[in-house]
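Heads up, the thing below is written out as structure tokens.
The values are calculated or read from the model by the stated rules, or taken from the named source; none is laboratory data. Note that the structure is predicted; figures quoted are calculated from it, not measured. As a convention, Cβ positions derive from the backbone with ideal geometry for all residues, glycine included, and neighbour counts pool all protein chains shown.
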């Protein structure tokens, strides 16, 4: 299988690939970051060797052989066909030998990449942190989150793993895509700013773009993967339960209000609001009944205490609350006003 796609890469780089071969190649490349790394490595070596002017892999190696033979005296070819098979055999041996050595080098490089030391940054409830990555990209990690990345990025791609919520300002590098691994999905960019929310206890994964464009990919390593491009002031929601995608226009500045210490709730269920307050203030909470959990509320708060936020929301008269040393107790009979 690996050899088949190595041939497809060479055919594509030489301009000999058919439309069907191109489609197969790029489906394979997009299916796995390791495939993309292999393709990028081939391309860099191809470009560096200035082979792009050649029309097919066979001619590339024939040209190499002809250069090796440039300074040798040319014997008179009394039986041209007698030597033709020898030239072709030499080219095949050269190709096979080169491919084997190149593949071994790739395997060695991959092993070194996979064993790079990883850095893990975590935040507790009630705290956020700012992280500068090895490529000078900057990440703001929200409360109760985890970000994992290598001490040194691979030259072909920059990959991190996120659990929780984070805002990214990615340094632009067209030769090295920036990839964020998420549950059953990933975000892929070259250089932009955007927010990603992927808490383990939440079904929806949300990606909001502030500047540039972002590719959100679902099931990136499977055949049924999808890719959705997101432009500024738009958000894509992906349901891990149903696999559905939802794209909405938003005010991106409100989506990243948490960086400035803000809390923004837009027609949000009370259970989601309490989960957010729990992360933001580091508190526990309980509902006295199920009836009030799905009541939807709206509000924006900056630099407010937990009590001030709850008092403002309770003015809807949908619920009331009690704050103790152990937890917040929410009481209510349902959304009778809605």
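Hey, any hits in region 17-30 for a residue that's closer than 26 Å to residue 216 by Cα, part of a helix (DSSP H, G or I) and at pLDDT below 75? Yes, because at least one residue in region 17-30 is closer than 26 Å to residue 216 by Cα, part of a helix (DSSP H, G or I) and at pLDDT below 75. Looking only at residues in region 159-169 that are at pLDDT 95 or above and farther than 16 Å from residue 253 by Cβ, which one is farthest from the chain's Cα centre (by Cα)? Among those that are at pLDDT 95 or above and farther than 16 Å from residue 253 by Cβ, it is 164.
Residues in region 205-237 that are more than 19 Å from residue 168 (Cα to Cα) and part of a strand (DSSP E or B): 218, 226, 227. Restricting attention to region 154-162, does a residue exist that is crowded, with 19+ Cβ neighbours inside 10 Å, outside any strand (DSSP E or B) and out of contact with any strand residue (DSSP E or B) (no Cβ under 7 Å at 6 or more places or on another chain)? For region 154-162, residues crowded, with 19+ Cβ neighbours inside 10 Å, outside any strand (DSSP E or B) and out of contact with any strand residue (DSSP E or B) (no Cβ under 7 Å at 6 or more places or on another chain): present.
When region 163-183 is filtered for residues that are outside any strand (DSSP E or B), touching a strand residue (DSSP E or B) at 6+ places or on another chain (Cβ under 7 Å) and free of Cβ contacts under 8 Å to residues at least 60 places away in the same chain, the ones remaining, listed by number, are 170, 176, 183. For region 313-338, give me each residue that is exposed (fewer than 13 other Cβ atoms within 10 Å of the Cβ), out of contact with any strand residue (DSSP E or B) (no Cβ under 9 Å at 6 or more places or on another chain) and either assigned to a strand (DSSP E or B) or at positive phi (or both). Within region 313-338, 317 is the sole residue that qualifies. Residues in region 274-283 that are in a loop (DSSP other than H, G, I, E, B) and surrounded by 16 or more Cβ atoms within 10 Å (Cβ to Cβ): 283 alone. In region 8-23, the qualifying residues are those that are free of Cβ contacts under 8 Å to residues at least 24 places away in the same chain and buried (at least 17 other Cβ atoms within 10 Å of the Cβ), and the one that is farthest from residue 40 (Cα to Cα) is 17.
Mind listing whichever residues of region 253-273 are part of a helix (DSSP H, G or I) and either surrounded by fewer than 19 Cβ atoms within 10 Å (Cβ to Cβ) or over 29 Å from the mean Cα position of the chain (by Cα) (or both)? Hits for region 253-273 are 253, 254, 257, 259, 260, 270, 271, 272. Please specify each residue of region 284-312 satisfying the condition of being assigned to a strand (DSSP E or B) and touching a residue at least 40 places away in the same chain (Cβ under 8 Å). 285, 286, 287, 296, 300, 302 - these are the residues of region 284-312 that are assigned to a strand (DSSP E or B) and touching a residue at least 40 places away in the same chain (Cβ under 8 Å). Looking across region 136-177, the residues that are farther than 16 Å from residue 259 by Cα and touching a helix residue (DSSP H, G or I) at 6+ places or on another chain (Cβ under 7 Å) come down to 154, 156, 157, 159. Apart from one condition, residue 144 fits all of (1) closer than 24 Å to residue 26 by Cα; (2) over 17 Å from the mean Cα position of the chain (by Cα); the exception is (1).
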